[in-house]
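Structure, as structure tokens:
The values are calculated or read from the model by the stated rules, or taken from the named source; none is laboratory data. These numbers were taken from a predicted model, which means no experiment stands behind them. Every residue, glycine as well, gets a Cβ built from its backbone with ideal geometry; the counts of neighbours run over all protein chains shown. Note: areas computed on protein heavy atoms with side chains; ligands, DNA, RNA excluded. Shrake-Rupley method; radii C 1.70, N 1.55, O 1.52, S 1.80 Å.
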Amino acid sequence: MSELVVLGFDSQDRADTVLNRLSQLEREYLIDLEDAVVAVRDTAGKVRLKQSLNLAATGAASGGLSGAAWGSLVGLLFLNPLAGMVLGGALGAGTGALTGAAFDYGINDDFIKSLAKTIPSDRSALFLLIRKVQPDKVLAEFQGEHARVLRSSLSPDQERKLQEALLSDGASRAQVADAVSISSAQSI
């Protein structure tokens, strides 16, 4: 089961920086993010959302490939597989892009928008939907980050310990490992 964690930061660019670090940890197989969104509120009060996963592009790519394959097969029936591949690829890419743009995957966009409106001006927030994590290693990387837990689906005790780990500057690795004690230590 995935867990939701929303962290608030005191600057506009801090959430992006933390997401980049989390992406690096994901490549090291220390965390598995299902979805991540950065919300930034500028000095004028306007909220911008940055999705980590572009569903329209992903849908267009997969739709284009499957459309080209099916178009080639249909084109073989009419002795023109090249035209079938081109036409099928174009139709598949268009359909995939529309489907990807219409499909809401991961964190609900309405929830993100409503919570992002509460962020103070000139600040940012990071919305994370986490599948699996190695809590001791990930929290050790982010100790002293001075982020605030705005919302989470963690238990109150786990949320308190996470907040303490994020705020503590001098916590030892053992203290951070104890900060989030979760069943089987596999998911936040």
Q. From the set of residues in segment 1-53 that are assigned to a helix (DSSP H, G or I) and within 16 Å of I119 (Cβ to Cβ), which is farthest from the chain's Cα centre (by Cα)?
A. R14
Q. Counting only residues that are open to solvent by less than 40 Å² (accessible area, probe 1.4 Å), under 16 Å from D10 (Cα atoms) and not β-branched (V, I, T), how many does segment 134-162 have?
A. 4
Q: Please go through segment 107-144 and pick out each residue that is part of a loop (DSSP other than H, G, I, E, B) and in contact (Cβ under 8 Å) with a residue 60 or more places away in the chain.
A: I107, K117, I119, P120, S121, D122, Q134
Q: Would you please name the residue that is least open to solvent (accessible area, probe 1.4 Å), looking only at residues in segment 16-41 that are in contact (Cβ under 8 Å) with a residue 12 or more places away in the chain and among the basic types (K, R)?
A: R41
(Q) Given the criterion modelled with pLDDT of 80 or more and more than 30 Å from S66 (Cβ to Cβ), identify the matching residue among S172, S152. (A) S152
